[in-house]
1. For region 204-287, just say rounded, prolate or oblate: build the C-alpha gyration tensor, square-root its eigenvalues into a ≥ b ≥ c, call rounded for a/c under 1.5, and beyond that prolate if a/b exceeds b/c, oblate if not.
2. Which order do peptides 247-259, 104-116 fall in by mean Cβ count within 10 Å, highest first?
3. Dipole of region 94-178 (Lys/Arg Cβ +1, Asp/Glu Cβ -1, origin at the Cα centre): which of V115, G131, G177 lies farthest to the positive side?
4. In whole Å, what is the distance between the alpha-carbon centres of region 41-116 and region 368-386?
5. How high is the relative contact order of region 91-221? Use alpha-carbon pairs under 8 Å, at least six apart in sequence, and give a whole percent.
6. For the residue pair R89 and K327, what label-to-label distance in nm results when each label sits 7 Å from Cα along the Cα-to-beta-carbon direction?
7. Once you charge only the Cβ atoms, +1 for Lys and Arg and -1 for Asp and Glu, what is the size of the charge dipole of the chain about its Cα centre, to the nearest 20 debye?
8. How big is the dipole moment of region 96-255 about its Cα centre under a simple scheme where the beta carbon of each Lys and Arg is +1, that of each Asp and Glu is -1, and everything else is neutral? Debye, nearest 20, please.
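Here, each number is a calculation from the coordinates, and none is a lab measurement. The structure displayed is predicted, hence computed values, not measured ones. Ideal geometry is used to build each Cβ from the backbone, glycine not excepted, and the neighbour counts take in all protein chains shown.
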Amino acid sequence: MHPEIILKPGKEESLLRHHPWVFSGAIARMPENLDEGDYVCVKASDGRILGVGHYQIGSITVRILEFGKDSIPEDFFFTRLNNAAELRRTLNLIRPDNDCFRLVHGEGDFLPGLVVDIYGDTAVMQAHSPGMHFERNRIAEALTRLPGIKIRNVYYKSETTLPFKARLDPHNDYLIGGFDGNIATENGLMFNIDWLKGQKTGFFVDQRENRSLLEKFAKDKTVLNMFCYTGGFSVYAMRGGAKSVDSVDSSAKAAALTDANIALNFPQDNRHTTHAVDAFKFLADMPEDKYDLIVLDPPAFAKHRSALKNGLIGYRKLNAKAFEKIKPGGILFTFSCSQVVTREAFRLAVFSAAAKSGRKVRVLHQLTQPADHPFDISHPEGEYLKGLVLSVE
Ligand code: SAH
């Protein structure tokens, strides 16, 4: 039997609706000697079993893994991972020309605290909770047994995702296999994925569908890809037949990755230029009416609720520059990946920048995260990526 956490009266409601987080304020009683990552059984004030999950110190005190039970079954991780794989098969993401996708999206795959991205035959795994950290070897082993996905290497990368205070001292390293190449294929395009030194798991898989959409707009266009990181949007724009593509990122490492990915897919093609400069400086310095197609995919401007106001100002200012400079008849792809910025708030920031510019702006597409980044309707916090495709007269 796992240690028990008893909730205050009435605090069981969200769990009965299968929201997987237990907040510290909802707890009436719990044992004093719990260690971070322990399995705990959560009960309502009347003794009803609500579920079993991982305990950790913090405002989210328990992440429920299984509702209505007091322990997880022996094959829990394999079963959940297999369900996740089944969904990716249904989505037709596992193909010879596409071996790059998100296999596990935390709560959205009923595995709170775990993210797994697949790049060819390597899985890159991130634990966001001590509980998942302690299960890392069991999860890695289960990953190699999934039917239909050939995972030979599992790289564990949780040095920056685990709560610092938990003092788990995680090391980024291979749990299974080792480095055997790092080129993955997305919709027939090749990418060098740097999971060792790159951001997050090495690639922003979540923009796949949006990159594909951009490709359809790119023919004969002069394209500007701001905050390019690995050059994902740029590579698609090149295949789409862009007249020229400029990619901008303030990080020299990102600029080098973009150059490498362009060279990998389009050797000897001189349509592309990378600029390792600050985005706001580039936008301020660039001439008006130069670009037909602009992508703005900045890092999260508001990482916490406390930064929301400034974050929204940031989105407004950034988009205002694009509206000021884009060529008449141009197309703007603009995004926010800040989870705390709602779809409405993002629209408002972009629309107010558009209104101020005095230009006629129409919404062509409203974008979101792709289906391999699902969110559970019981856990709306899982929705984070928002985008708009705008036509600017
Ligand atoms: N569009 C990318 C993901 C962007 S991630 C893709 O499809 O993969 C955000 C990127 O913005 C990072 O690479 C980071 O280096 C860059 N960045 C952050 N601040 C910046 C700034 N002020 N100017 C230019 N680039 C910046």
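1. rounded
2. Taking the mean over residues of other Cβ atoms within 10 Å, the ranking is 104-116, 247-259.
3. Going by the charge dipole, the pick is G131.
4. Each part's Cα centre sits 15 Å from the other's.
5. Taking the mean separation of contacting Cα pairs over the length of region 91-221, I get 23 percent.
6. 4.7
7. In debye, rounded to 20, the chain gives about 1340.
8. 160
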